[in-house]
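The values are calculated or read from the model by the stated rules, or taken from the named source; none is laboratory data. Values in this document were obtained by computation on a predicted structure and should not be read as measured data. Here the Cβ positions follow ideal geometry from the backbone for every residue, glycine too, while neighbour counts run over all protein chains shown. The accessibility values were calculated without ligands, DNA or RNA, using every heavy atom of the protein model including side chains. Shrake-Rupley method; radii C 1.70, N 1.55, O 1.52, S 1.80 Å.
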Amino acid sequence: MKLFIDTANLAEIKTASTWGIISGVTTNPSLIAKEGRNIVDVIKEITTLIDGPISAEVQEGLAEAMIETAFDYAKMHSNIVIKIPMTMEGIKAVSVLSKHGIKTNVTLCFSVSQAMMAAKAGATFVSPFMGRLDDATNNPEAGYELLQDIRLAYDNYHIQTEIIAASIRHPLHAEQAALAGADIATIPYKVFLQMIEHPLTAKGLDIFRKAEKQ
Ligand code: E4P
């Protein structure tokens, strides 16, 4: 499973790039707004930090408008992936963009049906949202089950669309993504920091430090 970082914060991306484990970046309008900067400027800077797929989201609307913005964004860098919301207009836009060889990431996916439609349209990536589904259903396994089901449906037909486990809130989501066979997990910076921690690792290091001092 590849690991992407889910942020538009350049300092976080810069630090994470030094870890040597990050293969791509996902952003969304909320993450861009948090930075208080223009999406084009932020995305351009991200392309200088990470050499891998970088998702830039277009504003939801009519297919024609999303396609126009997508062509503009795609011109920025060959690593740009156009993130498109899961609507019928979005599916229309993905169908056109995929025929032009433009990579797409269909976002806000909450069902196998939606994932099937994204794949049919030729999406490069589909992003099922684990955290938001868990919250909405009050079931901490709902996101996990969705990923498992999409994996099964895609494998039944050898579908090439890659599954990005998104809306990851804690390390367990990242583990569930791996167990369900997601191709990618896109993970916030703070969750990466939690993933490296384990109380027994800390305890073991403490024991070794004390031993070295003897
Ligand atoms: C990434 O592609 C998604 O936009 C992001 O993971 C959503 O996360 P959230 O549900 O925590 O906002």
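Given +1 on the Cβ of Lys and Arg, -1 on the Cβ of Asp and Glu, and no further charges, what dipole in debye does region 63-214 carry about its Cα centre, rounded to the nearest 20?
Dipole about the Cα centre, nearest 20: 420 debye.
If you average 1/r across every pair of different Cα atoms in region 2-213 and take the reciprocal, what Kirkwood value do you get, in Å?
Kirkwood hydrodynamic radius for region 2-213: 17.8 Å.
For region 55-180, take the convex hull of the Cα atoms, compute a quarter of its surface area, and give me that in nm², please.
That works out to 7.5 nm², a quarter of the Cα hull's surface.
In degrees, nearest 10, range 0 to 90: what is the angle between the Cα axis of helix 88-99 and the longest Cα principal axis of the chain?
For 88-99 against the chain, the angle is about 90 degrees.
Can you give the calculated 222 nm mean residue ellipticity of the chain, where each DSSP H run of n ≥ 4 adds -39,500 (n - 2.57) and the sum is split over every residue, rounded to the nearest 500 deg cm²/dmol?
Result for the chain, helices only: -16000 deg cm²/dmol.
Which of rounded, prolate, oblate describes region 29-69, given a ≥ b ≥ c as roots of the alpha-carbon gyration tensor eigenvalues and a/c under 1.5 marking rounded, otherwise prolate only if a/b is larger than b/c?
oblate
Just to confirm the filter: which chymotrypsin sites (Phe, Trp or Tyr not before Pro) across region 136-214 are DSSP coil and have at most 14 other Cβ within 10 angstrom of their Cβ?
In loop regions of region 136-214 (DSSP not H, G, I, E or B), the sparsely surrounded chymotrypsin sites (Phe, Trp or Tyr not before Pro) are Tyr157.
Taking the Cα centre of region 147-200 as origin and charging only Cβ (+1 Lys, Arg; -1 Asp, Glu), how large is the dipole, in debye to the nearest 20?
Magnitude of the dipole: close to 180 debye.
Where in the chain is the longest stretch that carries no GluC sites (Glu not before Pro) classed as loop by DSSP and with at most 16 other Cβ atoms within 10 Å?
61-140
What part of the accessible area of region 35-167, given as a whole %, is carbon or sulfur when the probe is 1.4 angstrom?
So the carbon and sulfur contribution to the accessible surface is 52 percent.
Enter the angle in degrees (range 0 to 90, nearest 10) between the Cα long axis of helix 171-180 and the first principal axis of the Cα atoms of the chain, meaning the one along which they spread out most.
Approximately 60 degrees, to the nearest ten.
In degrees between 0 and 90, to the nearest 10, how far off the longest principal axis of the chain does helix 39-49 point, with axes built from Cα atoms?
It is inclined by approximately 50 degrees.
Quick check for you: with a 1.4 Å probe and neighbouring chains kept, what is the accessible area per residue of region 2-213, in Å²?
50 Å²
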